[in-house]
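Working notes for the structure below.
The values are calculated or read from the model by the stated rules, or taken from the named source; none is laboratory data. The shown structure was predicted, so the numbers you read here are calculated from the model rather than taken from an experiment. Every residue, glycine as well, gets a Cβ built from its backbone with ideal geometry; the counts of neighbours run over all protein chains shown. Each accessible area value is taken on the protein alone, full model and side chains, heavy atoms only, with ligands, DNA and RNA left out. Shrake-Rupley method; radii C 1.70, N 1.55, O 1.52, S 1.80 Å.
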Amino acid sequence: MYRLVASPETGVLVARARALAVLRVRGAALAVALLPAAAAVVLLVGGATGRLGTEGGWAVARWAVGGLTVASLLLAALVAAVVVRARPALSPSVPIAEDAAPDLYRLVRDLADRLDVPAPSAIALTPDCDSWLEDRTHRAHGPPRPAGRLGRRAPQAPVLVIGSPFLWWMRVAELRALLAPVVAGTGPSAHPDIAAARRFIRGLDAAAAVATRARDPLRALPLRFVGRVARLLLRAAREHATLMERGVAAAASERAQGVDYGLRIVAQEQVGLAYAGWDRLLTRVALPAWRLGRWPSRLDAGVVSALTELSRRDRLAEGFASRLGERPACDLLEEPGTIDRAASLLAARLFHGGPAEPGPDWSPVGWQQYPQEIVDRKWRLEAARLHRVLDALPPTGPHDPGRAAPDRPAAPADAPAVAPPLTYAGARSRTPAAHHPAGLTRALDAERAAQPPAAEPAPSAAAPPPAPTLERVIDRLAHDTGAGDLLAARLGAEVAREEREEAARQAARDRSAQPGGTATAGVVWGDGPPDGLPLFPLQPPRTARELLADHVTAMVCCAAVDTAGAAPGLDWLDGPALLVDGTRRSDLGRPVLSLVDDGDAEPLRGWLHRIGVRPEKPVRLA
């Protein structure tokens, strides 16, 4: 198909042909719905003219076909009503008004003039490294627009959705070159046949989604029928719709060839770099903050630091940071900080499932406060969880220092071992009873009866917990062969329980929120916030061994901060970092894995000795 596209006009012709094929599917569905009505008309006319009998089998056929006609028309009306009224899914985005970014609108309009295509109707930002056109002109979103020639509705230009990282990382000229093929797609979108085919596909998709979300038993049965019909029509039109979109993309790409061709190559290189840096920033930097109920309020500004650091480390990206002296595309916005804040909150909503609005348990955090409020708190919370789980494990003897047996209170760590007072009765009671004379036995019984009853030992729950030291963790993992697996399993269960509780709280907040076309913080959600947030989880669940390694690392970092003068820090690509003498230490992972996986504590003890960490000292927990 691409070989046939030698010009934008050819691509539009290919797309229009496929759009007509999609519309033929719609016409065929309408013909099937009207077929019983046509048969009923034939029978009625035949009876009225005398060509067909009016009694017997013909009368029964007229009644049967008439009933089938009424049923088919009702079902067709139901399907049509749901398709027309259903709201297609919209990509969550931050709308940008023209007065908030007049320079950006001017750049897009100039680009559309150069390409000789209609300008997009609006601009929105999405917290992702992608850009596209989105048609938001479904009939349920507003009153009908004036009809054009031949009685067709005049299609409205789609909305231009731009990835927010592009605005902060790319320069103005690079952004214009990147958006050229995207804006060029407004030309084919203005064609009535293509617009009608897209409306039909979006309506079917929305109807199928409405059918799956039906909860009312009275509505579930008819909507289930509508969903089956919609999916059947989607399957019939799938290939034609795919080829139509490919033709539109090919036509747009051909039209944009003459606009900033050299810069487009550079811009595509920056797209790959932005993908890598944005992914690292979300998974390594933003995710730890989101898990603590905080959201970095300047994610797009942070992507510049992350990509600059990536350019410094990656030999293939050398030279990319030198372009930072040019005008950044975010200068096209009147208030970049406000828009960055809204995009950052939307990113947390999409990738983690946080609340739609800031609150006491969901507050923003700046990059300057990130080390102390996120990194240090994360380490101490994980260290506290590790010691809670360790306290719940059964004691194994001398390799769990400071922990008492469950049936007796624990003695203070610095208290000397004191033997019970040696009385005559106590001393003699250790002698076998067969060696006691009868008189002595009676005397001992009388003495015991005269003494007050001994106090019952305090339950183990009242015992003071052992001091939270790194030495205790190392000894337990190094000397108890089964402790690693047991700790990992119980840590996994504890983390899973906390995540379930947080998901339940989030679901309760979502149920209490009022659905609407536009959510809070100026975010367009379409038909209200969707169920099952986050929409795009960043990471698969961590294994139990990974959780144990993370918690032991957190305990080591806490000990280093409390006893060796280290400090929490932020690495733009790797997230939380341990700073020793102002330098990031990245050599802690292997010693921790040796302890967790093999029970070998020597590499970690050597690392602690070089840093000056004292593992026997208690650490401060959260």
Scanning segment 554-601 for residues that are in a strand (DSSP E or B) and surrounded by 14 or more Cβ atoms within 10 Å (Cβ to Cβ) gives Ala567, Pro568, Gly569, Leu570, Asp571, Gly575, Pro576, Ala577, Leu578, Leu579, Val580, Arg585
Here are Arg614, Arg620, Arg605: which of them is farther than 23 Å from Ser305 by Cβ and either touching a Phe, Trp or Tyr at 6+ places or on another chain (Cβ under 9 Å) or loosely packed, with under 15 Cβ neighbours inside 10 Å (or both)?
-> Arg620
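With touching a residue at least 40 places away in the same chain (Cβ under 8 Å) and at negative phi as the only criterion, which of Ala252, Ala276 stands out?
Of Ala252, Ala276, the one residue that is touching a residue at least 40 places away in the same chain (Cβ under 8 Å) and at negative phi is Ala252.
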Among what's in segment 187-200 and is part of a helix (DSSP H, G or I) and open to solvent by 40 Å² or more (accessible area, probe 1.4 Å), pick the residue that is nearest to Arg235 (Cα to Cα).
-> Arg198
Test: Arg246 is free of Cβ contacts under 8 Å to residues at least 12 places away in the same chain and open to solvent by 40 Å² or more (accessible area, probe 1.4 Å) | no
Report the residue count in segment 557-595 for those that are among the β-branched types (Val, Ile, Thr) and touching a residue at least 60 places away in the same chain (Cβ under 8 Å).
-> 1
Which residue, of Val271, Val304, is aliphatic (A, V, I, L, M), open to solvent by 30 Å² or more (accessible area, probe 1.4 Å) and outside any loop (DSSP other than H, G, I, E, B)?
-> Val304
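Within segment 92-109, how many residues are surrounded by fewer than 16 Cβ atoms within 10 Å (Cβ to Cβ) and in contact (Cβ under 8 Å) with a residue 60 or more places away in the chain? Please lay out each step first, then the result.
Going through segment 92-109, the residues surrounded by fewer than 16 Cβ atoms within 10 Å (Cβ to Cβ) turn out to be 97-99, 102-103, 106, 109.
Now drop any that are not in contact (Cβ under 8 Å) with a residue 60 or more places away in the chain, which leaves 99, 102-103.
Count: 3.
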What residue, among those in segment 72-91 that are without any contact (Cβ under 8 Å) to a residue 60 or more places away in the chain and in contact with a helix residue (DSSP H, G or I) (Cβ under 8 Å, 6 or more places away or on another chain), is farthest from Ala29 (Cα to Cα)?
-> Arg85
Among the residues of segment 110-126, which ones are part of a helix (DSSP H, G or I) and either open to solvent by less than 20 Å² (accessible area, probe 1.4 Å) or over 20 Å from Gly258 (Cα atoms) (or both)?
-> Leu111, Ala112, Leu115
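Report yes if Arg388 is touching a helix residue (DSSP H, G or I) at 6+ places or on another chain (Cβ under 9 Å), closer than 18 Å to Ile474 by Cα, open to solvent by 70 Å² or more (accessible area, probe 1.4 Å) and at pLDDT 90 or above, otherwise no. Spell out the reasoning first.
Working: touching a helix residue (DSSP H, G or I) at 6+ places or on another chain (Cβ under 9 Å): yes; closer than 18 Å to Ile474 by Cα: yes; open to solvent by 70 Å² or more (accessible area, probe 1.4 Å): yes; at pLDDT 90 or above: yes.
Against the criterion (touching a helix residue (DSSP H, G or I) at 6+ places or on another chain (Cβ under 9 Å), closer than 18 Å to Ile474 by Cα, open to solvent by 70 Å² or more (accessible area, probe 1.4 Å) and at pLDDT 90 or above), Arg388 qualifies.
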Give the residue, chosen from Ala467, Ala503, Ala493, that is within 30 Å of Arg388 (Cα to Cα), at pLDDT 50 or above, open to solvent by less than 80 Å² (accessible area, probe 1.4 Å) and outside any helix (DSSP H, G or I).
-> Ala467
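Condition first: under 27 Å from the mean Cα position of the chain (by Cα) and not in a helix (DSSP H, G or I). Can you find one or more residues in segment 310-332 that meet it?
Residues of segment 310-332 that are under 27 Å from the mean Cα position of the chain (by Cα), as a first pass: 310-311, 329-330.
Next, from what is left, pick out any that are not in a helix (DSSP H, G or I): none.
No, segment 310-332 contains no residue that is under 27 Å from the mean Cα position of the chain (by Cα) and not in a helix (DSSP H, G or I).
For the structure I just gave you, tell me whether Arg284 is among the charged types (D, E, K, R), in a helix (DSSP H, G or I) and in contact (Cβ under 8 Å) with a residue 24 or more places away in the chain.
Details: among the charged types (D, E, K, R): yes; in a helix (DSSP H, G or I): yes; in contact (Cβ under 8 Å) with a residue 24 or more places away in the chain: yes.
Answer is yes for this residue.
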By residue number, the members of segment 19-53 that are open to solvent by 80 Å² or more (accessible area, probe 1.4 Å) and either at pLDDT below 75 or within 17 Å of Leu243 (Cβ to Cβ) (or both) are Arg24, Arg26, Arg51
For segment 212-241, how many residues meet the condition of being free of Cβ contacts under 8 Å to residues at least 40 places away in the same chain and either open to solvent by 40 Å² or more (accessible area, probe 1.4 Å) or in a helix (DSSP H, G or I) (or both)?
-> 17
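Matching residues to (1) buried (at least 21 other Cβ atoms within 10 Å of the Cβ); (2) at positive phi; (3) touching a Gly at 6+ places or on another chain (Cβ under 8 Å):
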| residue | (1), (2), (3) |
| --- | --- |
| Glu326 | no, no, no |
| Asp340 | yes, no, no |
| Ala343 | yes, no, no |
| Leu346 | yes, no, no |
| Phe351 | yes, no, no |
| Pro364 | no, no, no |
| Trp367 | no, no, yes |
